[in-house]
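Worksheet: the structure to be examined is printed underneath.
The values are calculated or read from the model by the stated rules, or taken from the named source; none is laboratory data. Only a predicted model underlies this, so the values are computations on that prediction, with no experimental measurement involved. Note: ideal-geometry Cβ built from the backbone for every residue, glycine included; neighbour counts use all protein chains shown. Calculation scope for accessible area: heavy atoms of the full protein, side chains included, ligands and nucleic acids excluded. Shrake-Rupley method; radii C 1.70, N 1.55, O 1.52, S 1.80 Å.
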Amino acid sequence: MKKLFVVSAISALFSLVGYAQTYPSKPISLVVPFVAGGPTDRVARDLAEAMRKPLGDATIIIENVLGAGSSIGANKVAKAAPDGYTIMLNHIAMATMPNLLRTMPFKIDSDFEYLGMINEVPMTVISKPTLPAKNYKELVAWLNQNKGKINLGNAGVGSASHLCGLMLQNALQIDMAAIPYKGTAPALTDLIGGQIDILCDQTTNTSPQIEAKKVNVYGVTTSKRLTTAVLKDVPTLQESGLKGFDVSIWHGLYAPKGTPTDVIAKLNNALKVALKDPDFIKKQEALGAVIITDKRVEPAEHKKFVSSEIAKWGPVISAAKVYID
Ligand code: ASP
């Protein structure tokens, strides 16, 4: 009996080793839980391109699984086969969802393997082009004059734009009607078209539109000004008077819990190679993103950081009293 157990354990070990050696032998699906063409999707497409080579010219297919501020896509990945062929790129929603969703369909800490962090991305507060306010002071005056009529777009409860919008409303003490989209790509289109008034979104999405003067920009959400050509002259919200306002969105890679350790190591190694790829760095930095170069590229540190972010955003979100069932 004992002998049989040892034999089957050894053959399981060999098949696992063989599995990792041949991985990947078919296309990898990279789930993006927001709309194609938006900021999360943009990071994912650039990253997939940079991770292909270190994975032996693997095919990485982006799968946009939309809705509910990323929880639908995250749930799909949490329940997918843990074989390395379904992975996910998600942002700060991994820390805001546990604070915002009354019932979580999955567990952030025990349903995923953490593969490492990618970057941090500041946000910008922008408006439709026809909004007459030309700077932050004028924006606040306009918001005060239009109370009860202001539409604020977001990418669903728990999304980065939702979090930033909540913080803005709290800081200004002005309520705005939240208009949810399945990602901020369509929200930005509607903002340009004047269907919504205000949006707080990642620089990776807004920089091209700010540069083309298709929207008005009022501030960046980080404590320091940015250095990109498009945003270097835009004041921080803190400078404009919103003391303590500091939001930066981060992105990380995840796999379903139980993905073989060697496969996790291969994916983490490919991520580290991608984060040093000059082409990837250049594209990301031009849009205001900062590539992670510290220990958070390691799975254990990535997981620790997500836990600290869950603890950080809990009080902010409960102060805003917004939940979804
Ligand atoms: N910018 C979105 C958000 O607010 C995500 C996206 O559309 O990619 O979370």
Counting only protein heavy atoms, what percent of the accessible surface of the chain is carbon or sulfur at a 1.4 Å probe? 57
Packing-based ranking, highest mean first, of 291-301, 268-278, 41-51 given that Cβ atoms within 10 Å are counted: 41-51, 268-278, 291-301
Quick one: check the C-alpha center-to-center distance for the stretch 22-51 versus the stretch 151-169, whole angstrom. 24
Compute the separation of the alpha-carbon centres of the stretch 200-225 and the stretch 66-83 and state it in Å as a whole number. 29
Percent RCO, i.e. relative contact order, over the chain, from Cα pairs under 8 Å lying at least 6 residues apart: 27
Treating only the Cα positions of the chain as identical point scatterers, give the base-10 log of I(q)/I(0) from the Debye formula at each q in 0.16 Å⁻¹. -1.33
1.4 Å probe accessible area per residue over the stretch 227-298, in Å²: 46
Cross-link list 26/276; 213/266; 134/272: which exceed 31 angstrom alpha carbon to alpha carbon? 213/266; 134/272
Within 10 Å, count the other beta carbons around each residue, average over each peptide in 232-239, 308-315, and list them highest first. 232-239, 308-315
Within the stretch 62-106, whose backbone N sits under 13 Å from a point 7 Å along Cα→Cβ of residue 257? 78-80, 82, 105-106
Hey, what's the Cα Rg ratio for the stretch 93-199 versus the globular rule of thumb, 2.2 N^0.38 Å? 1.21
